[in-house]
Each structure stands twice: as C-alpha cells, then as structure tokens.
Amino acid sequence: MTIKEDVEKCNNNVHEDVSMPLLLDQANMTDETSSKASLWMVYLSTIVAVCGSFEFGSCIGFSSPTQAEITKDLSLTLAQYSVFGSILTFGAMVGAITSGPIADLIGRKGAMRTATGFCVAGWLAIYFAKGALSLDIGRLATGYGMGVYSYVVPVFIAEIAPKNLRGALTAVNQLMICTGVSVSFIIGTILTWRTLALTGLIPCAILLVGLFFIPESPRWLAKIGHEKEFEAALQNLRGKDTDISKEAAEIRDYIETLERLPNAKMLDLFQRRYLRSVIIGVGLMIFQQFGGINGICFYVTNIFESAGVSSSTGTIVYAIIQLPITALCTTVIDRAGRKPLILVSSTGLVVACILSGISFYLKDHNLALNLIPILAVAGILIYISSFSAGMGAVPWVVMSEIFPINIKGVAGSLATLVNWFGAWAVSYSFNFLMSWSSSGTFMLYAAVSALGILFVITVVPETKGKTLEQIQAEINA
C-alpha cells in the first residue's frame, strides 16, 4: 500500500468515525428538551444578539437619506460621496474575512463586542467629521463591524436555540436588518445627519450592556474545553429544571469526534469531507447576491424614475412591504422548511425580473406605454416581496447550520466574504449594466435566479427539525 493510500484510508476512517455514531445516536431524537424548557434566556439572548443586526441595518440605511445634507455641509463632490457610500462594503469584506477566526478565538460574545467597538468608533468619526477623510474612516469602521455581525449573529443564535425554534430565531437576524434600514430611512428625513449618526450608538449600547446578562454559546465553550461553563450555559439556556443530559452528551460526543480532526485552514475546506458544506454555503450566497438585490435596493428610486413612476411613492411602498413579509418568513420557516421557502422565493424573483425586463423593453421600443409603469411597479414590488420571503433570510439560516464546528470559523468567513463581494460587485456594476441594456439587466438577474432554483433542488438539503450535529453528519456522510 502506498503512502497516499494510507493517508486516504486514514481520512476515510476518521470521517466514518465522525458521521456514523452521530447518525445512529441521533436518528430517534425528539424535541423533549426544547418543549419542556424554560426558554426565556434563549429569547433574551436572541434579542441582545439581533441588536447587532439592527446596527447592521442602520449602517446600510445611513447614506441614503443624508446624501444631500452631507454633500452640502462638507462641500463634497458626487465622487467623494460615492466613495463614502461604497467603502462600507470594503470594510464589511475585511470584517467577513476576520469574523470566523475572531469568533473561534475569543468566542461569539467576544466577536460581537469587537464589532460593536468598531461601530462605535465609526459613528463617532462620522459625527465629528469635518471632511471626506473622517467620513470615509468612520464608514470603513462601521463596515468592518457589519462584516463581523453578518457572520457571528446568526451563528450565535443557531448555537443557542433548540432545534424546533432555530430557524425562526435565526431568521430574526434578517428581520432586524430590514428594520434598521427602514428606521434609518424614516428618521433620516427628520434628523440632521450628525444626529442620525448618534442614533447608531443606541443599538451598540444596548448590545454591550446585554452581553453581560446572557451566556456564551455552549457549543463554543465545549469546543475549547470549558466543561463547567459549558454545562452552566446550556442549563441557563434550557431552564434550571430541564434535563440537559441528552443534549449535553450529544454535543460532547460531536466535539470529541471533531477533536480527532486537524484544525481547518482555508485550503482544507476543499477536502472531500467538507466540500459539500462549502458548496452549499457559498452557492447560496452567490445566488442571493448575484440575483441583483443590492443593485435594485440601492437604486430603486432611479429604477422607478426610469420607468416613469413616482419615485417617492414607489420607494415608500417598497419600504413598507419589506418588513411584514420578512416577519412572516420568521414565523413559518420552522414549519414550511428551508428549501420550500427558497424555491418559492427564487421563483418569485424570476417572475419579478422578467416583468421588470419587459417594462424596460417596451419603453426602449416605445410600445404599450400605458403598461410600462404597471409592469415596473409590479416587478419591483414582487421582487422585494419574494426576496424578503426567503432568499433574504434563509441562506444565512442554512449557513449557520451546515458547517461542522471545527471549520465553522474559516468556512463562515469564506461564505460571508463571498456574500459581501457579491454585494459590492452587483451594486458597482448595476449602473453600467443598465446603461448597456435595462431590459437585459433584469433578464440576466432572472437567469441567475433560475439557476439558483436548480442549485437548491439538486444540492441544498432540508435542515428543518434536525440538530446541528445531525445536519452536519448527514451532509458530510
């Protein structure tokens, strides 16, 4: 037998040792623990964590209502303000790269504190800014915080929640992002831009105080060998009278098997045992972003104006419709399942992009002029409704579930980085694509969403009602 064959045999044996006991031991697990539990600490921990999600949305929403006032007060050119707006995504990409290692090194709570520190520094830099440089430094810092939040918040919630509530609680992350954006839009029309920057400190303060009253992720504590803290955190989350022995034993067994595997590096993600998890996580992020969401979201006013629709009316309806549909998603995700929501959502995105593409095609060829505004409004509203119903929240839920804990840091960083790169690429290229062909741009997004449907059908598993350990063992079996 060659050295290569010895290594392959060893890897296969380790993988079998990891997956088979998990599949056998967990096949008949019930929801006894979660149904009998006193879950107030789970809810409190989720509320505290999603303050980071609200802060995320506040950072995104800040630049839109403040553009005219900032450019006037600080005498900025359009190019300078464009840099201020877009540099957020570069900070978020750096945050995404470092979020996983930070969360693995100092814990999920430590990572949230780090992100909050950057956001506080960023908002203060923006508030005291006298020119473009201070604005850009502040925006870059808040972007870094966003990048860390985008990974660690859904991961933390997934690791503390009972399996029957995990999807709904993790989806609250996306709901609070949308809420943060909407609140910034609304109060930004009333407050000065400096005062609006100070409001970004409010969720930061709530998060920092709240972290003193909630436990660390039990799975992370188990991973680093803090046995007493692990049991105390799990008992705190499930209630003092709840029997946690089964769940604790399951987590310990999984951690013990993972300890037999080496610590993962970025290149290790492409090993056979991890490849399917990585393909699922990265693939969902690609289809979420390259379906056009950030181009449409950032430039929705221009889209309505180009189609001959009142931009103010369209934007208000756009903002109003987003929140209730995202909220509805959080209530049904653990009943309907992840795959059905993504498939319904992606189908709606295809239909919406086709309608919008047809409206611009008719406009370009001076045909059926009365139909153009109707098709444009219908297309954009169906688009945001469909995105909010599934593709907005569910990929983050699935990403928080599918990675084994020994690769969760580097794999989560990779998936989040891909997401932010896609956000930048789409928002940067949107105007260029629209100048090339307005109808062609939307047809391109429709094609991407259609490919996403095929990807979900053929590659993405259903994770509803399963423990994190069951999901990861089945994916990597």
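Structure values in brief
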{"item": "Among the candidates A450, A415, A411, residue that is in contact (Cβ under 8 Å) with a residue 40 or more places away in the chain, crowded, with 23+ Cβ neighbours inside 10 Å and closer than 23 Å to P340 by Cβ", "result": "A415"}
{"item": "All positions within the stretch 167-189 that are small (G, A, S) and not in a helix (DSSP H, G or I)", "result": "G188"}
{"item": "Single residue of E462, E401, E474 found to be among the acidic types (D, E) and within 15 Å of the chain's Cα centre (by Cα)", "result": "E401"}
{"item": "Residue in the stretch 208-223 that is nearest to A121 (Cα to Cα), counting only those that are touching a residue at least 24 places away in the same chain (Cβ under 8 Å) and outside any helix (DSSP H, G or I)", "result": "L211"}
{"item": "Residue that is nearest to V83 (Cα to Cα), among those in the stretch 114-166 that are outside any helix (DSSP H, G or I) and in contact with a Gly (Cβ under 7 Å, 6 or more places away or on another chain)", "result": "A129"}
{"item": "Pair list, Cβ < 6 Å and 6+ apart or interchain, from the stretch 98-121 residues that are within 17 Å of I407 (Cα to Cα) to residues that are charged (D, E, K, R)", "result": "G107/E216"}
{"item": "Filtered residues of the stretch 96-117 (kept if farther than 13 Å from P154 by Cβ and among the basic types (K, R))", "result": "K109, R113"}
{"item": "Qualifying residue in the stretch 355-373 (condition: of a type in the set (V, I, T) and under 30 Å from G95 (Cβ atoms))", "result": "no"}
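FYI, it's all coordinate maths here, none of it is from the lab. Quick caveat, the model's predicted, so the values are computed rather than measured. A quick note on method: Cβ atoms are made from the backbone with ideal geometry, for glycine too, and the neighbour counts reach across all protein chains shown.
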